[in-house]
Amino acid sequence: MNRLIKYIYLMFATFMIIIFLFLNINYYDSERIVNDEIKHTASTMADHFDSEVTNWVIRAKESIEDAHQVIEMAPNDDAKIREFLGHEMEKHPEFTLIYYGRPDGTLIMTTDWDEPDDFILTNRPWYLKASESGCYVMTEPFKDAYSGQMVVSMSMPVYDDSHQLLGVISGDIETQTIMDNIVSFNDYTRGYAFVMNQENDVIFNWGDPPSVYLENDLITAASQGLVGIEKADKFVDSKLEGFVQVSPISHTPWTLLAYVPTDAYSNGIAHLRWVMNVMMVISFLAFIVIYYLQKRYISNPLLEFEKQVADIDIEFNSAYRINLKSTQFLGRLQNKINELLESIFQYVTVIENDQEEVHALNEELEASFGQLVATEQEVTRQKMYFESLFKNSPEAVAMFDQEHRIVDINGAFTGLFGYELREIRGKDLDDILTLPDEQMAAKEKTQMVFEGVNVSFEALRYGVDNQPRQVSVKGVKVTYEGTIVGGYGIYSDISKRIEREHHLEYVGNHDYLTGLYNRYYFEKKLSLISQEDLPVAIIMIDVNGLKLINDAFGNDVGDELLIKTAEVVENMARDVLGKDYFVSRIGGDEFTIVKCGMENESVVVLVQRIKEETKKIKIGEIEVSVSIGWGIKNNDESMQAVLKIAEDNLLRHKLTENPSIRGKTIDTIMNTLHEKSPREEQHSKRVSELSYRIALEMGLDDRSLNEIKTMGLLHDVGKIAISDKILNKEGRLTDVEYEEIKRHPEIGYRILSSVNELAEMANAILAHHEKWDGSGYPKGLKGEEIPYLARIIAIADAFDAMTSNRSYREALSYEEALEEIKRFSNIQFDPEVVGFFTSYIESEMAKRDKRRKDTP
């Protein structure tokens, strides 16, 4: 008992120590947590503002560069420039205004505006900064002459081929627009932030500074490097302390200072400390009170009780009784023990008087008791085996009596059908699990169990939600002393097996892409058609140019085209034929419709409807076209013979329709490429013209001149399959990206070789990146193995690339580019073609120099 009391004391002491430790840990850790939260908040403010500003600067830069390209291509077309500027305004609502100014003072805007008399365009900040820097710039905030609001301008100069300034394109964003996008964040951070320019002047701010001197102190600290860059540091002025984040803003010349005061988050620390102190005092007092009460009313009485119980000795002192000083808590226990002692004393007296009789009786009782225990153990073991088998069976099991009434169910039954035992105990099993019109048949099956028949079948049974379950049912009888007294209904869920069987059947008969029947189903159904079904029509539909579309736009576009074509064929067949037909996909681009009892007139109507509807389908810029042929079985000829007639009919239509369709597809491919990359369109036109001039210089015939001009336009058609990100990338390509771009000659070859009139050009297009010394791609052809038209295209392509501006380099002059061509003669280029090319370029440069001299 002493040990028990010591354990009680130890438990209370341990509990109090844990409470004190917990309160102290939280007490000393609270200030660190708050400081970490404030540092995180300051960093979050800076990151949020940097992300917002970076987003609109990048969007603005992209818009200005797009306008710059349009003006470069049509510098004097004011209407086109104004139209494009209006289009950019619609795309970028953050712009207040986008405009273009020329050195002569001409200002092109999307709105009408009467310039004030003192307005001098070339003295405006945006014009001066852009023209002086010669590249894309962003101004400090200034007052806009048009709106009268403070704005920031993104400007970019436009030059002609001789690097003469054509003008400056610029877009305004109101500073209020910038503030509106970020000011809401201050409600969350409870801090203060402002933006400085390179001269440490504040140009934006939000939130109220907690001290009139704080802003000047922060600016001084930032300019002298007293606070960190891109991390939050603690900052203390004369009265306040907090954390400040100083970060340069991406893509701008500005710096952000975000300040969060410590007291914005630490007001609750003092209250927390007071509460913890009070809790510690209360806990200590409670411990003292509990210790006193348990010692007085529990520990001391228990020790006294233990001592008196230890003195009990029935054999030598049968009159001994327990007598506690305080019986407030242990009084009833004392009385019960004393009554027990009295009863024991009386029993001992009786037993001592008749010891022999008791001994004999005891032996008899011990023997009977042993038999009873063994029997009970066997019954208990059998019951445990049964209950374990019944309750833990993975099959749903219901026990029923001779009246088919439910006696018990296991957990699997509840899981399968949703019923609890309390809901259905005593109810007819078949009434519960079957619909009214099915109950008679179910009861007959159940009755067979009482006739000694092992019942096993598959059927639908219904749960508490009235939803059907596909189950396997077994009926097992329960006998007692040779009489059937009940049975078990065992239910196995086979819905997944049935579902798998249906899925396998569906997959075996249907096309995975379109959902139509597949070739296997088509051939199986054809073999089942009999003479009673005549006439039988077989209609074959072939999608024109699918391979060309897959090569140019990828298999995803080709798959979408097939899916939409399948939808049209299925819908038209349903509308015209009604029923007793089936539609199949029997090849990559071939579909069939089979209809029994169909005459030629109905076939013509259906074919016309399908052609009309497929013409309405467009995947992007691609128009869908199909060729259709059919055959009709009217006598005992085989279905294979009718299928051959349909295929021949289809082939005749395809031979007459495909060439023009492929030509249209080539036009669509080129238009799509030029929309993806306007720079490619201009490049192709220049290569075409330059190749034509070289061919003229070489004295080629008219047919070759026409071919070389067309090849120049189509030489990069394979780039349609190259990612937009790679085609329009700013800067040099990575090795992986360069390997991807090197695929375009082969792709162009596959596209052009599918069109008969372009097939000869396809070989030259494939070889336009081959080199004279055999180090080119894709085949590594050498010398005269390279088609001679491809050798001309290679020089024109390289010369135009060198004399065109790129984001990562300036364009070379004609003289510099010509020297590069000569330097790689007999290495990369055909020396004979280089000679003709040099003659043409030198004559052109002479003409240019003469024009410059003649120009006053």
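Which residues, counting only those in the stretch 51-92, are outside any helix (DSSP H, G or I) and within 28 Å of the chain's Cα centre (by Cα)? So that I can check it myself, show each step before the final result.
First pass over the stretch 51-92, keeping only residues outside any helix (DSSP H, G or I): 74-77, 92.
Listed by number, the list holds a single entry, HIS92.
Out of curiosity, is LYS477 open to solvent by 60 Å² or more (accessible area, probe 1.4 Å) and without any contact (Cβ under 8 Å) to a residue 40 or more places away in the chain? Quick ask: steps written out before the conclusion?
Working: open to solvent by 60 Å² or more (accessible area, probe 1.4 Å): yes; without any contact (Cβ under 8 Å) to a residue 40 or more places away in the chain: yes.
Here the answer is yes, as LYS477 does meet what is asked.
Taking the stretch 481-491, which residues are open to solvent by 30 Å² or more (accessible area, probe 1.4 Å) and either of a type in the set (Ser, Thr, Tyr) or at pLDDT below 85 (or both)? Write out each step before concluding.
Narrowing the stretch 481-491 to residues open to solvent by 30 Å² or more (accessible area, probe 1.4 Å): 481-485, 488, 490.
GLU481, GLY482, THR483, VAL485, TYR488, listed by residue number.
Between residues in the stretch 830-842 that are surrounded by fewer than 17 Cβ atoms within 10 Å (Cβ to Cβ) and residues that are of a type outside the set (Ser, Thr, Tyr) and not in a helix (DSSP H, G or I), which pairs lie under 9 Å by C-beta distance while being six or more apart or on different chains?
Pairs that qualify, where the first residue is surrounded by fewer than 17 Cβ atoms within 10 Å (Cβ to Cβ) and the partner is of a type outside the set (Ser, Thr, Tyr) and not in a helix (DSSP H, G or I), are PRO831/TRP772.
Which numbered condition in (1) in contact with a Gly (Cβ under 6 Å, 6 or more places away or on another chain); (2) in a strand (DSSP E or B) is the only one that ILE549 fails?
All conditions are met except number (2).
Take the conditions loosely packed, with under 15 Cβ neighbours inside 10 Å and at pLDDT 80 or above and apply them to ASP161. Does it pass? Please lay out each step first, then the result.
On the way: loosely packed, with under 15 Cβ neighbours inside 10 Å: yes; at pLDDT 80 or above: yes.
When the stated conditions are applied, ASP161 passes them.
Could you check the stretch 623-650 and list, in sequence order, the residues that are more than 16 Å from LYS595 (Cα to Cα) and not aliphatic (A, V, I, L, M)?
Within the stretch 623-650, GLU623, SER625, SER627, ASP636, GLU637, LYS644, GLU647, ASP648, ASN649 meet the criteria.
What pairs come up if the first residue lies in the stretch 812-829 and is more than 23 Å from GLU784 (Cβ to Cβ), the second is part of a loop (DSSP other than H, G, I, E, B), and their beta carbons are under 7 Å apart, counting only those six or more places apart or on different chains?
LEU812/THR803; TYR814/THR803; ALA817/THR803
State which residue pairs qualify: first residue within 16 Å of PHE522 (Cβ to Cβ) and inside the stretch 591-611, second residue hydroxyl-bearing (Ser, Thr, Tyr) in any location, beta carbons under 6 Å apart, and separation of 6 or more residues or different chains.
Cβ pairs passing all conditions: THR592/SER584; LYS595/TYR581.
Identify all residues within the stretch 565-581 that are surrounded by fewer than 16 Cβ atoms within 10 Å (Cβ to Cβ) and of a type outside the set (Asp, Glu); write none if there are none.
Across the stretch 565-581, the qualifying residues are ASN571, ARG574, GLY578, LYS579.
Residues to consider are THR592, THR565; find the one that is within 17 Å of ILE610 (Cα to Cα) and not in a helix (DSSP H, G or I).
From the options THR592, THR565, the qualifying one is THR592.
For ARG332, only one of the following conditions fails: (1) modelled with pLDDT under 70; (2) among the charged types (D, E, K, R); (3) open to solvent by 100 Å² or more (accessible area, probe 1.4 Å). What is its number?
The failed condition is (1).
Here are the criteria: (1) assigned to a loop (DSSP other than H, G, I, E, B); (2) within 18 Å of GLU697 (Cα to Cα). Tell me which single one PHE837 does not satisfy.
Going through (1) assigned to a loop (DSSP other than H, G, I, E, B); (2) within 18 Å of GLU697 (Cα to Cα) one by one, PHE837 breaks only (1).
Yes or no, residue by residue, for (1) closer than 17 Å to HIS251 by Cα; (2) surrounded by fewer than 17 Cβ atoms within 10 Å (Cβ to Cβ); (3) β-branched (Val, Ile, Thr):
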residue	(1), (2), (3)
MET45	no, no, no
ILE64	yes, no, yes
ILE81	no, no, yes
PRO103	no, yes, no
TRP113	no, yes, no
THR139	yes, no, yes
SER147	no, yes, no
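Just to verify a result, which residue in the stretch 164-194, among those that are part of a helix (DSSP H, G or I) and closer than 30 Å to GLY105 by Cβ, is modelled with the lowest pLDDT? Steps first, answer last, please.
Of all residues in the stretch 164-194, those part of a helix (DSSP H, G or I) come to 175-189.
Going one step further and asking which of them are closer than 30 Å to GLY105 by Cβ, we end up with 175-178.
Details: THR175: 80, GLN176: 78, THR177: 77, ILE178: 73.
Once the filter is applied, the top-ranked residue is ILE178.
Please indicate, with yes or no, whether at least one residue in the stretch 794-806 is in a helix (DSSP H, G or I), open to solvent by 50 Å² or more (accessible area, probe 1.4 Å) and either on the phi > 0 side of the Ramachandran plot or not aliphatic (A, V, I, L, M) (or both).
no
Those residues that are of a type in the set (A, V, I, L, M, F, W, C) and either at positive phi or open to solvent by less than 60 Å² (accessible area, probe 1.4 Å) (or both), I need them from the stretch 271-302; list them, please.
VAL275, MET276, VAL278, MET280, ALA286, PHE287, LEU302
Within the stretch 461-477, does at least one residue satisfy the condition of being modelled with pLDDT under 85, of a type outside the set (Phe, Trp, Tyr) and either part of a helix (DSSP H, G or I) or closer than 16 Å to ILE406 by Cα (or both)?
no
Yes/no matrix, rows are residues, columns are (1) open to solvent by 60 Å² or more (accessible area, probe 1.4 Å); (2) assigned to a helix (DSSP H, G or I); (3) modelled with pLDDT under 80:
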residue	(1), (2), (3)
VAL605	yes, yes, no
ILE610	no, yes, no
GLU613	no, yes, no
SER627	no, no, no
GLY631	no, no, no
ASP636	yes, no, yes
LEU643	no, yes, no
ASN649	no, yes, yes
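Pull up the stretch 499-528, narrow it to residues that are in contact with a helix residue (DSSP H, G or I) (Cβ under 9 Å, 6 or more places away or on another chain) and in a helix (DSSP H, G or I), then point me to the one that is most open to solvent (accessible area, probe 1.4 Å).
TYR520
Could you please tell me which pairs satisfy a Cβ distance under 8 Å, a separation of 6+ or placement on different chains, a first residue in the stretch 459-473 that is within 13 Å of ALA396 (Cβ to Cβ) and of a type in the set (Gly, Ala, Ser), and a second residue that is open to solvent by 70 Å² or more (accessible area, probe 1.4 Å) and in a strand (DSSP E or B)?
SER472/SER456; SER472/GLU458
For the condition modelled with pLDDT of 70 or more, among the charged types (D, E, K, R) and more than 60 Å from the chain's Cα centre (by Cα), what is the one hit in GLU356, GLU378, GLU366, GLU352?
Of the residues listed, the single one that is modelled with pLDDT of 70 or more, among the charged types (D, E, K, R) and more than 60 Å from the chain's Cα centre (by Cα) is GLU366.
Among the listed residues THR122, THR96, which satisfies the condition of being β-branched (Val, Ile, Thr) and more than 14 Å from MET154 (Cβ to Cβ)?
THR122
The rows are residues; the columns are (1) more than 22 Å from LEU696 (Cβ to Cβ); (2) free of Cβ contacts under 8 Å to residues at least 24 places away in the same chain.
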{"site": "LYS729", "(1), (2)": "yes, yes"}
{"site": "TYR738", "(1), (2)": "yes, yes"}
{"site": "ILE741", "(1), (2)": "yes, yes"}
{"site": "MET761", "(1), (2)": "no, no"}
{"site": "ILE765", "(1), (2)": "no, no"}
{"site": "HIS769", "(1), (2)": "yes, no"}
{"site": "GLY774", "(1), (2)": "yes, yes"}
{"site": "LYS782", "(1), (2)": "yes, yes"}
{"site": "ILE795", "(1), (2)": "no, no"}
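Pull up the stretch 710-750, narrow it to residues that are β-branched (Val, Ile, Thr) and over 24 Å from LEU789 (Cα atoms), then point me to the one that is most open to solvent (accessible area, probe 1.4 Å).
VAL736
Which numbered condition in (1) surrounded by 15 or more Cβ atoms within 10 Å (Cβ to Cβ); (2) at pLDDT below 80 is the only one that GLU621 fails?
Exception for GLU621: condition (1).
When the residues of the stretch 416-471 are filtered to those that are surrounded by 12 or more Cβ atoms within 10 Å (Cβ to Cβ) and among the polar types (S, T, N, Q), which remaining residue is nearest to the chain's Cα centre (by Cα)?
GLN470
Can you confirm whether the stretch 402-415 contains a residue that is open to solvent by less than 100 Å² (accessible area, probe 1.4 Å), modelled with pLDDT of 90 or more and of a type in the set (Ser, Thr, Tyr)?
Yes - at least one qualifying residue is present in the stretch 402-415.
The values are calculated or read from the model by the stated rules, or taken from the named source; none is laboratory data. Note that the structure is predicted; figures quoted are calculated from it, not measured. Cβ atoms come from the backbone with ideal geometry, glycine included; neighbour counts cover every protein chain shown. Just the protein is used for accessible areas: all its heavy atoms, side chains included, with ligands, DNA and RNA removed. Shrake-Rupley method; radii C 1.70, N 1.55, O 1.52, S 1.80 Å.
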